[in-house]
1. Can you tell me the FRET efficiency between MET346 and GLN777 if r is taken as the Cβ-Cβ distance and R0 is 41 Å, rounded to the nearest 0.05?
2. Report the calculated FRET efficiency for ASP685 and SER72 (r = Cβ-Cβ distance, R0 = 22 Å), to the nearest 0.05.
3. Sum up the charges of everything whose Cβ sits under 15 Å from the Cβ of PHE494, counting Lys and Arg as +1 and Asp and Glu as -1, but leave PHE494 out.
4. Over the stretch 178-270, what relative contact order in percent results from Cα pairs under 8 Å that are six or more residues apart?
5. Once you have the Cα-Cα distance between THR393 and PHE828, take 0.36 nm times their residue separation minus that, and quote the gain in nm to one decimal.
6. How would you order 628-634, 289-295 from highest to lowest mean count of nearby Cβ atoms within 10 Å?
7. Using 0.36 nm times the number of residues separating ALA63 and SER560, minus their current alpha carbon distance, what extension gain do you get?
8. Using 0.36 nm times the number of residues separating TYR645 and ASN545, minus their current alpha carbon distance, what extension gain do you get?
Amino acid sequence: MKQVLCAADALVGFRASMVSALLCAATLSGSALAAPAGNVPAENTGLEEIIVTAEKRESTVQATPIAMTALSAGDLADQNITSIQDLVGAIPGISLRTAGPGQTEYEMRGLASSGGSVATVGFYLDETPLSASAVALNGRTVIDADLFDLNRTEILRGPQGTLYGAGSMGGTIKLVTNPPKLHTLEGAAEVDASQTTGGSTNGRGSLMLNFPIGDIAALRFVTTDKYISGFIHRYVIAPGQFPFPTNFGNCFSYYCTRGDVQDAPIAQDHANSNIERFISSRASLLVQPSDALSITGNFMYQRIDADGYNNYQAPPNNEAIYQPYDIKEPYYDSFHMWSLKVSYDMSFANLTSASSYWKRDVYQSTDSTEALQNIFNYTQFVPNLYEDNDTTTQIAQELRLTSRGEGDFQWVGGLYYSNLHSGYITKNQTPLFSTTPVCSLPGLGGDPNLGGHCAPGTTYTYGSFNPPGSPGYNPEGIMFNDNNPNVLKQRAIFGEASYKVTPTLKVTAGMRFYKFDISNNSNQRGQGTASGNAIPTIATASGTNTSLLPKVNVSYEPSSDLTLYSTVSKGSRPGGVNLPIPLNPNGFYYCGGPAPGTIFAGGSGPSYLTSQPAYYAPDDIWSIEVGEKARFDDRRFTVNADVFYVKWHNIQQLIVLTCGYPYNTNVGDAKSYGPEIEMAAKVTDAITVDLSAAYTQAYISAPKDTPGLPISSGERVTSIPKYTGNLAVSYESMLQDYKLTFRVAESYVGPVFDTAYYAETLGSYGLMDFRLGVGKQAWTASLFGTNLTNKHAGLTIDNTVFAWQQPTITRVSTNQPRTIGLAFETKF
């Protein structure tokens with residue numbers, strides 16, 4: 001009875017009282033520990049065991065002595081998880097920065113990826129590493145992979161550098177697909193349709209087919225097509241009625257306050273302006289000529305076409321975009337991948353070769369009309385579209401040997417190589433709207449008290465103050481055109497070995513040595529570059545470094561239901577290069593220092609540079625983790641918990657200068673610590689309760705002494721929430737021949753400190769989902785809902801740092817409003 005009451009209390013009050021749920025779970029644990037084994041029905045098998053390969057060999061979550069979470073294909077379906085972003089919402093301790101599909105960066109344990117060109121969390125699809133390093137804006141983002149026909153996901157917390165390499169210093173996310181099945185003809189299909197509040201109808205269809213080819217081969221084909229309606233309004237203000245900004249000069253040389261766009265007359269209302277169209281297909285061919293040899297070739301194609309971003313403007317904070325002109329902001333993201341895995345079972349070890357090549361093409365665009373008006377103090381709004389084309393390719397090869405058998409001594413070792421080429425091509429031009437220059441810059445006759453701006457009421461010639469025929473003349477109105485080919489090569493040798501000192505005590509030690517080389521060529525021209533006109537600025541930057549990543553893990557397993565462990569390990573990621581920064585007073589740009597006579601809010605000065613930081617160094621962490629994994633009551637109740645402490649050295653951080661130009665640099669040291677816990681209780685044979693939470697305290701501990709650097713000791717690391725949690729109650733029962741399932745869950749994310757032009761704090765939010773299903777044999781029909789309370793959460797601000805940063809507008813990414821739908825799936 002106590003268990004049933006607790007489950008009911010969790011269902012009725014679970015939105016308002018996480019604490020109550022925790023107490024309930026504790027009560028359940030006590031009753032679970034006290035319950036005699038004879039009270040458990042004979043047919044019960046406890047909670048599901050998931051086979052994982054986190055340590056490059058098969059094990060279970062409970063037997064793997066690291067902090068990790070795994071979700072099976074059934075878990076993904078039951079929780080209505082169809083994308084990586086859905087997955088993150090179900091697992092505490094992972095934070096994200098996102099502007100929409102295909103534009104998301106993932107973070108763990110307080111290691112923000114808001115700086116540098118390499119993510120702090122590794123991302124793998126089977127054996128293929130997909131985390132890229134690029135000067136391009138999509139360098140830290142990963143593809144928004146579809147999760148249909150996935151075997152499982154593995155989320156590995158803490159530094160995973162020994163086995164997964166540089167860039168996995170915060171953890172690793174692995175997506176493991178279902179391999180082709182020999183001698184089996186099977187298939188599966190799923191369709192759903194839903195309606196979004198404030199949007200329209202969404203649809204999704206997926207298909208899987210598995211074909212045997214003779215006795216030694218099989219082909220598996222998976223495809224998904226989906227349409228997601230937009231929910232952001234894009235308002236175009238009536239011609240000539242768009243309000244100008246006000247309050248000039250108190251925020252460097254900009255206007256600080258945006259005009260009252262919300263009350264301006266609207267000429268066009270483009271509802272659902274962020275519609276997304278998604279298609280993904282993958283094929284896998286398995287050839288197994290003998291029990292010892294298997295060869296698997298994979299191909300994957302994916303494309304996202306989005307009409308706009310999942311973000312809105314602040315002010316006015318009403319989930320809309322306001323524009324002086326009708327300028328769309330489309331986004332396209334296509335991805336191709338080829339991989340080959342060869343496994344050979346030797347008498348003493350398994351030899352694995354994993355080869356891969358992938359190519360990703362991204363096109364982004366954003367309306368910069370308001371930004372350029374504010375930056376250059378135009379006396380009218382000039383239509384401007386900032387466009388960016390990024391192409392990234394990577395070849396990767398891993399060769400490893402893994403010991404066989406179940407003996408006391410186990411080992412794995414290998415070699416790794418990757419060669420990544422990324423491009424960053426921008427186009428940002430504004431048409432001329434005047435032919436007579438009547439305003440110039442300080443030193444050239446302009447008003448220094450206006451920071452180089454034109455005096456009110458005068459006209460400005462876009463392009464250059466140099467006359468026609470001069471070298472600096474800019475007749476095409478080039479603002480920022482850029483071409484930056486970038487190359488990153490990595491080489492590594494790694495190994496890990498474990499030894500059972502006693503039947504219950506195991507010691508594991510590992511090491512990875514890696515070297516990277518990065519080089520970049522830059523060709524820029526335009527008003528916002530170092531030349532300040534059409535003359536190209538050509539520069540090169542490069543860097544190289546090596547790092548040694550050790551790991552020591554001690555685990556104690558007094559029984560098959562209890563594992564205690566502790567890990568000390570190091571993580572790292574490569575350094576990178578900056579694009580040229582305009583250090584001289586060209587145009588408005590005063591990145592080399594404040595403009596004469598400029599007044600600042602509160603009397604504070606601007607952030608500025610005195611030299612070009614072309615290269616920034618690697619950052620690294622040392623991590624200490626202590627944890628336990630326990631099961632009780634015939635494995636009907638599990639508690640997996642850990643406490644971690646991280647020292648982060650030489651942090652790579654993105655800095656937005658007061659002139660609006662961003663650059664990366666190393667800003668000092670930080671610390672991060674906190675507990676993480678996951679509990680699951682099979683309260684009855686029908687009811688299961690899952691509760692997980694994480695607390696992360698991440699702050700700057702020793703900022704680097706750099707003039708004008710806007711970071712202070714004790715300041716929170718950006719984009720890292722202190723609190724995250726998830727509570728779910730599941731019900732499963734049989735009604736005659738029909739299987740009934742019901743699940744309701746709420747995820748919670750605490751406040752987040754973030755920064756664009758200004759530092760801001762985004763409020764906490766909770767999102768509630770449910771799924772109700774009925775099935776018989778090979779089919780299931782479900783009613784599902786996401787974001788039931790229709791929470792409009794602020795997720796990230798200006799995460800891509802795309803286009804010009806200036807104080808009047810902040811772009812805030814947000815989540816999909818309440819969505820209710822029906823789904824049908826079948827297997828054959």
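1. Numbers: r = 43 Å, r/R0 = 1.04.
Efficiency for this residue pair is about 0.45.
2. Details: r = 19 Å, r/R0 = 0.87.
Calculated value: 0.70.
3. It works out to a net charge of +4.
4. Numbers: 168 pairs, mean separation 21.3, N = 93.
In percent, rounded to a whole number, it is 23.
5. Result for the pair: 152.8 nm of gain on full extension.
6. Working: 628-634: 20.0, 289-295: 12.7.
Output ranking for 628-634, 289-295: 628-634, 289-295.
7. Details: separation 497, 0.36 × 497 = 178.92 nm, distance 0.80 nm.
That pair, ALA63 and SER560, stretches by 178.1 nm at full extension.
8. On the way: separation 100, 0.36 × 100 = 36.00 nm, distance 2.58 nm.
Roughly 33.4 nm would be gained on extension.
The values are calculated or read from the model by the stated rules, or taken from the named source; none is laboratory data. What you see is a predicted model; the values in this text were computed from it and never measured. Please note: Cβ atoms are built from the backbone with ideal geometry, for glycine as well, and neighbour counts cover all protein chains shown. Surface accessibility is based on the protein's heavy atoms, side chains included, excluding ligands, DNA and RNA. Shrake-Rupley method; radii C 1.70, N 1.55, O 1.52, S 1.80 Å.
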